[in-house]
Each structure stands twice: as C-alpha cells, then as structure tokens.
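Beneath this line is the structure, given in structure tokens, with notes to follow.
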Amino acid sequence: MTTGEEKTPEERQKARDDLLAYAFRALSGRALTEAELRTRLLRRTDDEALAGEVLARVQELGYQNDEGVARAEGSRRGVGGFRVRQTLKRRGVTQGLIEETLAARDPDEEQADATALLERRWSSFARKRDPRASAYAFLARRGFPGAVIWAAIREVSAAAGEAVPEDNFDDDEQVE
C-alpha cells in the first residue's frame with residue numbers, strides 16, 4: 001500500500017485488531033512501560049494514530065500502566081535506589097513517577113538488602129587483596145548509595161571477626 005492510499009474501514013479494523021493482538025502478546029512476556037509498548041507498536045505500523053489508539057485501549061483495559069511497572073521495579077530486592085532510578089529512566093518512565101517510586105522505598109529495607117547481599121558474598125570478597133574495595137564495587141554496581149554500602153561493610157566484616165579500620169567517608173556521603 002502506498003503512502004497516499006487510504007485504507008478501507010475493513011482494512012483499518014483488521015490492522016487495528018492485528019496490532020492489538022500484537023500488543024497483548026508483547027505484554028504477556030513482561031510488563032512494559034508506555035514508552036516501550038509505543039516503540040514496539042510503531043515498529044509494526046507507520047500509522048501513529050493507530051498505534052496511539054491501540055495503546056489507549058490496552059491501558060483502558062488495565063493491561064498496561066507505568067505505575068505498576070514502577071512499583072514492581074521499586075520493590076525489587078537486591079538493587080539500590082540508583083539502579084531503580086536508572087532502570088526506570090531507561091524504560092521511559094516520567095521523572096515524577098520515578099521520584100514517587102524512590103520516595104516509597106524503605107531505607108531500612110534497602111540497608112537490610114545490601115547487608116544480606118554482602119553476607120552471602122563475603123567469603124569470596126575476604127579472599128581478595130582488598131575485600132572492602134571489592135565489596136564496595138559489588139554493591140555500587142547494584143545501585144546502593146555509599147552510606148548504605150559502608151554501613152553494610154562495617155556490619156558484615158565485624159560479624160566475620162575482622163577489624164574494621166575507620167574510613168575517611170562520612171556516612172551521609174552519597175557516591176554515585
């Protein structure tokens with residue numbers, strides 16, 4: 001079909017139904033943000049109005065909403081707030097929703113997650129030349145802030161019976 005050619009109502013309905021079926025298949029694999037689903041729909045059609053119509057219908061039926069995606073990402077275990085922010089931003093979630101998601105995270109739970117991760121891996125870090133540096137890098141890659149990381153390192157290394165030297169970092173310092 002050429003660009004200038006108009007579709008009949010039957011052809012438009014068939015295209016809409018096909019695109020809607022594709023949207024449901026895409027959403028059956030994993031929850032997608034509005035931006036991700038829109039991108040996928042626009043790969044299937046060059047009719048932006050049709051893609052917008054299908055997206056609106058999927059949202060109306062409750063199969064896609066960014067709040068649910070953000071809430072699920074925000075409650076993931078084993079990742080810190082920086083990773084959550086980065087992931088949501090990459091997935092096209094609005095800045096306001098990202099901030100709301102991060103505000104809903106429990107700092108005590110984040111600390112407990114970091115400590116639990118470190119406890120499970122401490123034996124492998126303890127064999128390294130500088131276990132604290134390795135542990136710091138490990139938790140930083142998972143998006144935990146510096147204050148959380150240092151508290152976890154102090155707690156886990158003290159529990160392992162190792163002397164913990166004073167660090168030169170303030171607990172309130174945020175390392176990104």
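Laid out as a table, the results:
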{"item": "With Cα atoms, 0 to 90° folded angle of helix 95-104 axis to the chain main axis", "result": "40 degrees"}
{"item": "Magnitude of the charge dipole, the chain, Cβ model with Lys/Arg +1 and Asp/Glu -1, debye to 20", "result": "940 debye"}
{"item": "For the chain, with +1 on Lys and Arg beta carbons and -1 on Asp and Glu, the positive-most of 125, 147, 102 along the dipole", "result": "125"}
{"item": "Cα gyration tensor, region 50-138 - rounded (a/c under 1.5), prolate or oblate", "result": "prolate"}
{"item": "Helix 34-44 vs. the chain, principal-axis angle (Cα, 0 to 90°, nearest 10)", "result": "50 degrees"}
{"item": "Rounded to 10°, Cα long-axis angle of helix 107-126 versus longest principal axis of the chain", "result": "60 degrees"}
{"item": "Under the Karplus curve 6.51 cos²θ - 1.76 cosθ + 1.60, θ = phi - 60°, whole-Hz ³J(HN,Hα) for region 53-66, x wherever Gly or Pro sits", "result": "5, 5, 4, 4, 5, 5, 5, 4, 7, x, 8, 9, 7, 5"}
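Taken together, the values in this text are just the output of simple stated rules run on the coordinates, not laboratory data. Keep in mind that this is a model prediction, so the values were computed, not measured. Cβ atoms come from the backbone with ideal geometry, glycine included; neighbour counts cover every protein chain shown.
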